[in-house]
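Trainee: Sharing a structure below in structure tokens format, with a few things to ask.
The values are calculated or read from the model by the stated rules, or taken from the named source; none is laboratory data. Being a predicted model, the structure only gives us computed values, none of them experimental. Here the Cβ positions follow ideal geometry from the backbone for every residue, glycine too, while neighbour counts run over all protein chains shown.
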């Protein structure tokens, strides 16, 4: 019993140390195996470091791990359904990124209006409910944009944070903008949407990633529902400039979250 408590305490100490390193120096401070360990903290309650080592021993590389199917992953000791689902979702996001990366618009998304109009156009041909995520580097240039849910029966309130944090971790994003499409309105979030948005924001923050904005989109209209204090960010930073542009857009008549 004492040894189990001691082991749990050591695992928690390592997890805290890695999180502190992540917040201080970003994802670039970690190798692929350590990034996998960080990811597994969201997919297992056990020893993420040992599981990462076991996955590498069995499959050889991060690309091979993320390219494996559910059945192959479940054959590895310590991988359960939740862990396999997390790893395969990251693999899918990575594959989609590889196909589209050469077509990505590298213009920085440094203003609220540019980002909002991007998502209004992104969902232009959607008839069903959809949730999308844009992954950004530290200059707010797009690393990727992908749909993480597309289902008529799904609402944002049921979105799992792992579907957002997995690609953010894999692509070493510094910031994320999320959006969800209401095909028939209304142009404001439900209480469940807000609760899920908070969970996504907290999960990203645990990885040192800023959840910059979340848009609700209906037709060509959109509103952002995040409420950052821009004073928390350096006045010279792109994030501060983005938040300043949101204030200016609202002052000029942009639609506002009714909360």
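Trainee: Please work out which one of (1) farther than 22 Å from residue 145 by Cβ; (2) modelled with pLDDT of 90 or more is the condition residue 212 fails and give its number.
Mentor: Failing condition for residue 212: (1).
Trainee: Could you look through region 42-60, keep only residues that are surrounded by fewer than 18 Cβ atoms within 10 Å (Cβ to Cβ) and modelled with pLDDT under 80, and pick out the one that is nearest to residue 10 (Cα to Cα)?
Mentor: The extreme case among them is 46.
Trainee: Sticking with this structure for a sec: Inspect all residues belonging to region 216-236 and state whether any of them is assigned to a helix (DSSP H, G or I), touching a strand residue (DSSP E or B) at 6+ places or on another chain (Cβ under 6 Å) and modelled with pLDDT of 85 or more.
Mentor: No, the conditions are met nowhere in region 216-236.
Trainee: Let me ask another. Name the one entry in 208, 192 that is over 21 Å from residue 88 (Cα atoms), surrounded by 18 or more Cβ atoms within 10 Å (Cβ to Cβ) and in contact with a helix residue (DSSP H, G or I) (Cβ under 7 Å, 6 or more places away or on another chain).
Mentor: 208
Trainee: Taking region 172-209 as the region of interest, how many residues are in a helix (DSSP H, G or I) and under 18 Å from the mean Cα position of the chain (by Cα)?
Mentor: 13
Trainee: Considering only region 119-164, state which residues are modelled with pLDDT of 85 or more, closer than 27 Å to residue 64 by Cβ and not in a strand (DSSP E or B).
Mentor: Once the filter is applied, which keeps residues that are modelled with pLDDT of 85 or more, closer than 27 Å to residue 64 by Cβ and not in a strand (DSSP E or B), region 119-164 yields 137, 164.
Trainee: Separate question: State which residue is farthest from residue 47 (Cα to Cα) when the search covers only region 62-81 and only residues that are surrounded by 15 or more Cβ atoms within 10 Å (Cβ to Cβ) and either touching a strand residue (DSSP E or B) at 6+ places or on another chain (Cβ under 8 Å) or touching a residue at least 24 places away in the same chain (Cβ under 8 Å) (or both).
Mentor: 67
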